Each structure stands twice: as C-alpha cells, then as structure tokens.
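None of the figures in this text is laboratory data; all of them are computed from the coordinates on show. Predicted model only: the values in this text are computed from it and were never measured. In this analysis, Cβ positions are derived from the backbone assuming ideal geometry, glycine residues included, and neighbour counts consider all displayed protein chains.
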Amino acid sequence: MNSVAAQNVALPAKSADELFLPAYTLWLREVVRFYRQRSRVVGVIASPVLFWLVIGSGFGRSFHSGAGDRPYLDFFFPGALIMIVLFTSIFTMMSVIEDRKEGFLLSVLVAPVSRSAIVLGKVLGGTTLATIQGMIFLAFAHLVDIHFTIGSFLLVALTVFLVSFALTALGFAIAWPMDSTQAFHAIINLFLIPLWLLSGALFPLENASLWLRVLMRINPLTYGVDALRQLLYPGTSGTLVESMATLLLFALFMFGIAFLLVNRRSTKPAA
C-alpha cells in the first residue's frame, strides 16, 4: 500500500522530467547549432542594421514620420528591431525541415517523449536566439538618443521576448507540415514580409490610408512595434497595456496552433 502511494506521489515529478528534460535538450541544440554557424549570426544582425541605416538615412529628408521633430532614423529604430526578431525567429524554424530530412525529427517522434516537449523545446530555442539578437541591436540605441531605466529596459526585454515567442511559434507552425525549404521561403516572402511592412515599422498608422489602417489594426505585429516605440520614446501616443496584452494573446494563440499541428500530425496512421 505504501509503495503504491509512493509511486502515485512520484508520478508528477516523472511527468515533469519527461516534459522539461527533452524540451531543454532541444532548446540547447537549437542555440548551439545557431551560434556554431557564424555567418548566420553576422547576417541576422548586419542585414537589418544596414537596412535601418540606408532606409532611415535615405528617407530622412524626404519622409515625414509624423512623430514631431524626431528624425526618421529614430522612428525606424523599433521597426528594425522587430525585423531582426522576425528574421531570427522565422528562419531558425527551418531547422524543423532540416531535422525531418536528416531523420532527427523522426527519431524524436518515435521516442517516448511528449509532443509538448518538441514544441516547447524548438519554440523556446528560437525565442532565445531571437531575443538575444534583438537585445544586441539595442547597443545602437545611443545613436538615436535612447536612454533606459532598469524598469524600461526590462519592459523592452519582455516585449522582445513576447514578439520572439509568437513569431517563432508561427514559424514552427508554417515549417511543421512542409518538406521543402524552398516552399518555406516562398511562404516567408508571400506572407511574413507584408506582415512586417504593415506593422507600422516604416510608416505610422495615422498617416496611412483607410484600408491600410484596417489591415494594420488587425496585424498583431503592429502592437509589438507600438509597444517598443512607447517604451523607447516615452510620451509616444498609444496604450502600452493594450499592446502588451495583445502580444501575450498572440503568443499563446500561435503556441496553441503549433501544439495542435504536432499532435494532429502524430495521430496520422503509418503508411
């Protein structure tokens, strides 16, 4: 009787180990593999920095940001930060397709591992990478006269994490049913780049035409750019609580979609 009770008490701990240990292993694998490929690290940072400098400087004298006397380079800074997060989050999830081709994903699926651990480990791995890359970009903040307090810095980090988590889960959901990296790139170009363009990164929502404002309002990435802009430039119009709540709901929704896709795929009968 005592042994049965002891086994029942031990079950939750065992279940936790079965979830978090595989998730940690997959998370660590994502991080190590990314930083071993130095060209990817340099590319993810360098491309948005160049984009920020070239676009920001080019539009600086010919485009009114609608942000008072603030230069366009300053206005574009949160958008460039979101671009880094977007690129890192999405393209890190190409590893799902690569793992399937190499047979690694199959070995994980047939192992006695919870499908939740697969989603959690892969998504947290991409989220960690995207968050780190985004925070590195903040080193350029002094160039646009941005100054942080401890509180504002932590809120910026939280915002970057939420955006990273949501976009990584979105990338996972896109990559999971695919067997081709070419198809993945096609979806990226067709869907995710417009998602960024309509986020308020390049131009403010208030200056857009009516149909664009409607699209921007229903774009969850708009609230990430808006939250960052409010935190980086205090006094910017907007509601921070609303933006953060929308990001949280977007992150939970996309993680739920990714979780459902993995479980639905795993229940298919073998050929």
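Note on Ala245 and Glu102: the model spin-label points, each 7 Å out from Cα along the C-beta direction, lie 4.3 nm apart.
Looking only at Cα atoms, what is the convex hull volume of the range 160-245 per residue, in Å³? Don't jump to the answer; show the numbers that get you there.
On the way: hull volume 9.1 nm³, N = 86.
Spelled out: Cα convex hull of the range 160-245, divided by residues, is 106 Å³.
Give me D for the range 93-224 in µm² s⁻¹, whole number, from Stokes-Einstein with Rh from the Kirkwood sum over alpha-carbon pairs, 25 °C and 0.890 mPa s. Don't jump to the answer; show the numbers that get you there.
Working: Rh = 17.0 Å.
Translational diffusion coefficient: 144 µm²/s.
What does the C-alpha gyration tensor say about the overall shape of the range 201-265? Classify as rounded when a/c is under 1.5, otherwise prolate if a/b is larger than b/c, or oblate. It is oblate, given that a/c is not under 1.5 and a/b is not larger than b/c. Globularity index of the range 96-168 is 1.51 (Cα radius of gyration / 2.2 N^0.38 Å, N = number of residues). Packing-based ranking of 196-206, 104-114, 119-129, 27-37 yields 119-129, 196-206, 27-37, 104-114, ordered from highest to lowest mean Cβ neighbour count within 10 Å.
Ratio of alpha-carbon Rg to the 2.2 N^0.38 Å globular estimate for the range 64-138, to two decimals, please. Spell out each step's value before the answer.
Details: Rg = 18.0 Å, N = 75, 2.2 N^0.38 = 11.3 Å.
Dividing the Cα Rg of the range 64-138 by 2.2 N^0.38 Å gives 1.59.
Phi angles of the range 231-247 translate, via the Karplus equation with coefficients 6.51, -1.76, 1.60 and θ = phi - 60°, into HN-Hα couplings of 6, 7, 10, x, x, 5, 5, x, 10, 5, 4, 4, 5, 5, 5, 5, 4 Hz per residue; Gly and Pro are given as x.
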